[in-house]
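Novice: Starting off with a structure, shown below.
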């Protein structure tokens, strides 16, 4: 059921108003409408978009098992005690073989169940490889329009290059644990480069000081910049260090707000999003413009080696260019 | 782009009550995943309130409840009741675990859509969910 069907079946209210009451069903249906790409998803995005841009979007990323979910749960507790509302989008991987997924991030966030100031949504990557799902930024927009002060994105357990979160969040928290030793060197060029804040979680473990000093050394190598990522020690399971982390997250937000970096990041974000949608839509219009038969015809030519794949693509693009979008009812 | 083009079946697997045996629930979660569904797993010792809260937030199509403690006659109908209260009766509830035969009609009369006992082939559950999802 899309959000429009849901609103009709319940109280008659404007969607944004309904979202603003933090009505769980409305928020959930709105996210599904965008994620599953229902017919009215464009209309929904159009309606909510001007109500977005007020939330502080925080990305939390790191390797599997470093304690991202537990850290987020503890962080949410801290933000709640400061009177902030928090929306969470937690991403887990989709199986490339079956298209299915087991989403287990809620297991460690159970204590916030029933709190109207907290909304948690699990999402599967559905084929995206950058650590987020295609619809993550749409889910963030829904939570933003719903008026959550802080929105936390938990990426899938990342390795070295799943850094889509850079485009989705204002502040990036990279979580590591002690004992990775030389592995820190190895991942240096990957996700460590995107951090605005480092967290060394499970700080009761051996090797925590070494992990911190290795990070410090790495930061010393970097050229001067206006924000040096702080390195914070936490033990999320015991809620230790998360108050300081919440401070650092807020400080970073004020910092990028002041120096214009926030605007730069948002510009890059929308620029990327527009490109993404254009790319996706070109794919969708392909069949509309040239027809499946035309595609198959071209494909046959390629199979018979009468045409190469790039020339085939140019031929199809040519059909799309000639195609008048306004004349076609693209949704039917 | 037709409606429901990218529609995925989403199922919440939850264990209400106090028993700590989640092997069955995990086997089901895995089987549904392998059938291409998105399974939200919420872990042990969930109250009906927590389960319904999660199911609504996650906008699932089904809730699968597993209980081996014998408290199913209290816990399962409570989930259905809370869903109704939240205007979310379109979320269907199915159940498994150790459920005596004679309790099944009673559970069904209270809104549990189907009960799958021990030894049910997972294909049967998958088939049920596929045919009964909107």
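What follows is calculated from the coordinates using simple rules that are stated; it is not laboratory data. Here the structure is a predicted model, which means the values were calculated and not measured. Counting neighbours? That spans all protein chains shown, and the Cβs are built from the backbone with ideal geometry, glycine included.
Novice: Could you pull out which residues in region B:40-77 have an amide N less than 11 Å from a spot 7 Å beyond the Cα of residue B:21, following the Cα-Cβ vector?
Specialist: From region B:40-77, the list is B:67-70.
Novice: For chain A, set up a GNM with springs between Cα atoms under 10 Å and report which of A:92, A:308, A:144 has the largest fluctuation.
Specialist: The residue with the greatest mean-square fluctuation here is A:308.
Novice: Figure the gain on full extension for residue A:42 and residue A:278 (residue separation times 0.36 nm, minus the Cα-Cα span) and round it to one decimal in nm. Let's see the in-between values first.
Specialist: Numbers: separation 236, 0.36 × 236 = 84.96 nm, distance 1.35 nm.
Between residue A:42 and residue A:278, full extension yields 83.6 nm more.
Novice: For residue A:307 and residue A:210, compute 0.36 nm times the residue count separating them, minus their Cα-Cα distance, and round to one decimal in nm.
Specialist: On the way: separation 97, 0.36 × 97 = 34.92 nm, distance 5.87 nm.
Once the chain is fully extended between residue A:307 and residue A:210, it gains 29.0 nm.
Novice: Still on this structure, please answer the following. Let me have the 222 nm mean residue ellipticity of chain B computed from DSSP H runs of 4+ only, each contributing -39500 (n - 2.57), with the sum over all residues rounded to the nearest 500. The partial results should precede the final answer.
Specialist: Values: 5 runs with 54 residues, N = 134.
Helices in chain B give a 222 nm mean residue ellipticity of -12000 deg cm²/dmol.
Novice: While we're on this one: If I fit a long axis through the Cα atoms of helix A:68-81 and take the longest principal axis of the Cα atoms of chain A, what angle between them do I get, 0 to 90°, rounded to 10?
Specialist: Taking Cα atoms only, the helix is inclined about 70 degrees.
Novice: So what's the angle, to the nearest 10 degrees on a 0 to 90 scale, between helix B:48-57 and the longest Cα principal axis of chain B?
Specialist: Tilt of helix B:48-57: around 0 degrees.
Novice: Report the FRET efficiency, 1/(1 + (r/R0)^6), for residue B:133 and residue A:217, where r is their Cβ-Cβ distance and R0 is 45 Å, rounded to 0.05. Numbers along the way, then the final one.
Specialist: Details: r = 54 Å, r/R0 = 1.20.
Step by step, r from the Cβ atoms, then E = 0.25.
Novice: Once the Cα gyration tensor of region A:1-51 is diagonalised, what are the square roots of 5 times its eigenvalues, in whole Å and ordered largest first, as equivalent ellipsoid semi-axes? Numbers along the way, then the final one.
Specialist: Details: eigenvalues 45, 32, 19 Å².
After diagonalising the Cα gyration tensor, the semi-axes are 15, 13, 10 Å.
Novice: At 7 Å along Cα-to-Cβ for each site, give me the label-to-label distance between residue A:54 and residue A:271 in nm.
Specialist: 2.8 nm
Novice: Using only Cα atoms, locate the centre of region A:67-81 and the centre of region A:249-322, then give the distance between them in Å, rounded to an integer.
Specialist: Between the Cα centre of region A:67-81 and that of region A:249-322, the gap is 37 Å.
Novice: Give me a single rounded figure for B:81-94: the average over its residues of other chain Cβ atoms within 10 Å of their Cβ.
Specialist: Working: counts 0, 0, 0, 0, 0, 3, 5, 4, 0, 3, 0, 0, 0, 0.
Counting other chains' Cβ atoms within 10 Å and averaging over B:81-94 gives 1.
Novice: Where the centroid of each part is defined by its Cα atoms, how far is region A:97-113 from region B:35-98 in Å?
Specialist: Computed from Cα coordinates, the inter-centre distance equals 14 Å.
Novice: Is it possible to state the helix-based mean residue ellipticity at 222 nm for chain A, with each DSSP H run of 4+ residues giving -39500 (n - 2.57), the sum divided by total residues, to the nearest 500 deg cm²/dmol? What is it?
Specialist: Details: 12 runs with 156 residues, N = 332.
About -15000 deg cm²/dmol.
Novice: Can I ask one more? If you count, for each residue, the other Cβ atoms within 10 Å and average over each peptide, how do A:314-321, A:234-241 line up from highest to lowest? Walk me through the numbers on the way to the answer.
Specialist: Numbers: A:314-321: 14.0, A:234-241: 18.4.
Ranking the peptides A:314-321, A:234-241 by packing returns A:234-241, A:314-321.
Novice: If I model a spin label as a point 7 Å beyond the Cα along the Cα-Cβ vector, how far apart are those points for residue A:264 and residue B:109 in nm?
Specialist: 7.0 nm
Novice: Further, regarding this structure: How long are the semi-axes of the equivalent ellipsoid of chain A, taking √(5λ) for every eigenvalue λ of the Cα gyration tensor, in whole Å from largest down? Intermediate values should be presented prior to the final figure.
Specialist: Values: eigenvalues 289, 144, 65 Å².
In descending order, the three semi-axes are 38, 27, 18 Å.
Novice: Which whole number gives the average, over all residues in B:50-62, of C-beta atoms from other chains lying within 10 Å of the residue C-beta?
Specialist: Details: counts 6, 1, 3, 8, 7, 2, 6, 13, 10, 15, 3, 1, 0.
If you average over the peptide's residues, the count of other-chain Cβ atoms is 6.
Novice: Could the peptides A:276-283, A:213-220, A:168-175 be put in order, highest first, of the mean number of other beta-carbon atoms found within 10 Å of their residues? Don't skip to the answer; put the middle values down first.
Specialist: On the way: A:276-283: 11.6, A:213-220: 14.2, A:168-175: 25.0.
In decreasing order of mean packing, A:276-283, A:213-220, A:168-175 become A:168-175, A:213-220, A:276-283.
Novice: Looking at the square roots a ≥ b ≥ c of the eigenvalues of the Cα gyration tensor of region A:20-138, which shape do they give, rounded for a/c under 1.5, prolate if a/b is larger than b/c, or oblate?
Specialist: Oblate, since a/c reaches 1.5 and b/c is not below a/b.
Novice: Roughly what % of Cα-Cα distances in region B:10-132 sit above 19 Å, to the whole percent? All intermediate terms of the calculation are to be shown ahead of the outcome.
Specialist: Working: 2959 of 7503 pairs.
More than 19 Å apart: 39 percent of the Cα pairs in region B:10-132.
Novice: Per 0.36 nm of contour for each residue apart, how much would the distance between residue B:74 and residue B:101 grow if the chain were fully extended, relative to their Cα-Cα spacing? Numbers along the way, then the final one.
Specialist: Values: separation 27, 0.36 × 27 = 9.72 nm, distance 1.62 nm.
That works out to 8.1 nm of additional length.
Novice: Give me the one-decimal nm value for the distance between modelled label points at residue A:285 and residue B:81, 7 Å along each residue's Cα-to-Cβ direction.
Specialist: 5.6 nm
Novice: Helix A:309-322 against the longest principal axis of chain A: what's the angle in degrees, Cα atoms only, rounded to the nearest 10?
Specialist: 70 degrees
Novice: So, one more: Averaged over its residues, how many other protein chain Cβ atoms are within 10 Å of peptide A:248-261's Cβ atoms? Please report the intermediate quantities before stating the final value.
Specialist: Details: counts 0, 0, 0, 0, 0, 0, 0, 0, 0, 0, 0, 0, 0, 0.
Mean number of neighbouring Cβ atoms from other chains: 0.
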